[in-house]
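Chemist: After the structure tokens below, expect a handful of questions from me.
The values are calculated or read from the model by the stated rules, or taken from the named source; none is laboratory data. Remember, it's a predicted structure, so these values are computed and weren't measured experimentally. For neighbour counting, all protein chains shown are included, and Cβ atoms are generated from backbone atoms with ideal geometry for every residue, glycine included.
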Amino acid sequence: NAGVTQTPKFQVLKTGQSMTLQCAQDMNHNSMYWYRQDPGMGLRLIYYSASEGTTDKGEVPNGYNVSRLNKREFSLRLESAAPSQTSVYFCASSGAYGYTFGSGTRLTVV
Amino acid sequence: AQSVAQPEDQVNVAEGNPLTVKCTYSVSGNPYLFWYVQYPNRGLQFLLKYITGDNLVKGSYGFEAEFNKSQTSFHLKKPSALVSDSALYFCAVRGLYSTLTFGKGTMLLVSP
């Protein structure tokens, strides 16, 4: 099925460890996004990529880096995980007909 | 910068009664507004959007939303609530480079 695929679905990290969250879309969308969801705070934009080869900071970029590898893939990297980064992470893409969200990655940093 | 406010953390309604989930927004220019629903441990599902045209927008699962420019509101409504409508609802407004700014969410609880 066409859509946005995120991996992994669940992850537990120790403080200071690094990891990369993967996201791929097969809808030929130009724009892709990473959000984090925390209780009572809604979804907040971490980084976005308006087109292949470009990335920009969103509302809460500190502690994260991103790579727009090609038109399909947009990865989010935590270089040194902190407990404050415990959250649910959503990748999304957008095109002419709207937005599509992935199913999320639940990350716990202990 | 754009912003969205959902003033109610939780809305309780009995099955069969009408429901309203409130949303107000702030944005420069014409607003593009969205409602999404999230069921437990799931991603976001699109319900409806307002781009232009009629102020009453109809969406999925019998939901509709009323756009009111003078009150900068985009309230979500349904004439008759179902227990299965219980979920977390998010209002969002589109900003620069098609980024979405979300409200904090409203939990809807429909009792039998």
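Chemist: Give just the number: which of (1) more than 10 Å from chain B (Cβ to nearest Cβ); (2) over 21 Å from B:PHE34 (Cα atoms) does A:ALA96 not satisfy?
Modeler: A:ALA96 satisfies every listed condition except (2).
Chemist: Ok, one more. Can you tell me which residue within the stretch B:1-15, out of those that are at pLDDT 95 or above, within 20 Å of A:ARG36 (Cα to Cα) and of a type outside the set (Gly, Ala, Ser), is nearest to the chain's Cα centre (by Cα)?
Modeler: So the residue we want is B:GLN6.
Chemist: Further, regarding this structure: Do you know which of the residues in the stretch A:47-59 that are part of a strand (DSSP E or B) and surrounded by fewer than 19 Cβ atoms within 10 Å (Cβ to Cβ) is nearest to the other protein chains (Cβ to nearest Cβ)?
Modeler: By that ranking, first place goes to A:ASP56.
Chemist: Kindly check whether there is at least one residue in the stretch B:16-24 that is crowded, with 17+ Cβ neighbours inside 10 Å, at pLDDT 95 or above, assigned to a loop (DSSP other than H, G, I, E, B) and within 14 Å of chain A (Cβ to nearest Cβ).
Modeler: yes
Chemist: Spot the failing condition for A:GLY40; the list is (1) modelled with pLDDT of 95 or more; (2) closer than 20 Å to B:SER3 by Cβ; (3) loosely packed, with under 14 Cβ neighbours inside 10 Å, and only one is missed.
Modeler: (1)
Chemist: Further question: Please work out if A:SER84 is over 15 Å from the mean Cα position of the chain (by Cα), at pLDDT 95 or above and in a loop (DSSP other than H, G, I, E, B).
Modeler: When the stated conditions are applied, A:SER84 does not pass them.
Chemist: Within the group B:LYS58, B:LYS78, which residue is away from chain A (no Cβ under 14 Å), within 16 Å of B:VAL11 (Cβ to Cβ) and in contact with a Leu (Cβ under 8 Å, 6 or more places away or on another chain)?
Modeler: Just a single option satisfies the conditions, and that option is B:LYS78.
Chemist: When the stretch B:66-88 is examined, which residues are found to be of a type in the set (D, E, K, R), more than 10 Å from the chain's Cα centre (by Cα) and assigned to a strand (DSSP E or B)?
Modeler: Selection gives B:LYS78 alone.
Here's the yes/no breakdown for (1) in contact with a His (Cβ under 8 Å, 6 or more places away or on another chain); (2) assigned to a strand (DSSP E or B); (3) surrounded by 13 or more Cβ atoms within 10 Å (Cβ to Cβ):
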position: A:LEU21; (1), (2), (3): no, yes, yes
position: A:HIS29; (1), (2), (3): no, no, yes
position: A:LEU45; (1), (2), (3): no, yes, yes
position: A:PRO61; (1), (2), (3): no, no, yes
position: A:VAL66; (1), (2), (3): no, yes, yes
position: A:PHE74; (1), (2), (3): no, yes, yes
position: A:SER80; (1), (2), (3): no, no, no
position: A:ALA92; (1), (2), (3): no, yes, yes
position: A:ARG106; (1), (2), (3): no, yes, yes
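Chemist: Could you identify the single residue in B:VAL13, B:VAL4, B:VAL37 that is within 11 Å of chain A (Cβ to nearest Cβ), in a strand (DSSP E or B) and hydrophobic (A, V, I, L, M, F, W, C)?
Modeler: Unique residue meeting the criteria: B:VAL4.
Chemist: Filter the stretch B:83-104 down to residues that are away from chain A (no Cβ under 14 Å) and exposed (fewer than 15 other Cβ atoms within 10 Å of the Cβ) and give me whichever is farthest from B:TYR39 (Cα to Cα).
Modeler: B:VAL83
Chemist: Against the conditions (1) surrounded by 15 or more Cβ atoms within 10 Å (Cβ to Cβ); (2) away from chain B (no Cβ under 14 Å), where does A:THR15 fall short? Just the number, please.
Modeler: Result: A:THR15 fails condition (1) only.
Chemist: With respect to the numbered conditions (1) more than 22 Å from A:VAL60 (Cβ to Cβ); (2) touching a residue at least 24 places away in the same chain (Cβ under 8 Å), which one is the sole condition not fulfilled by B:GLN38?
Modeler: Evaluating B:GLN38 over (1) more than 22 Å from A:VAL60 (Cβ to Cβ); (2) touching a residue at least 24 places away in the same chain (Cβ under 8 Å) leaves (1) as the failure.
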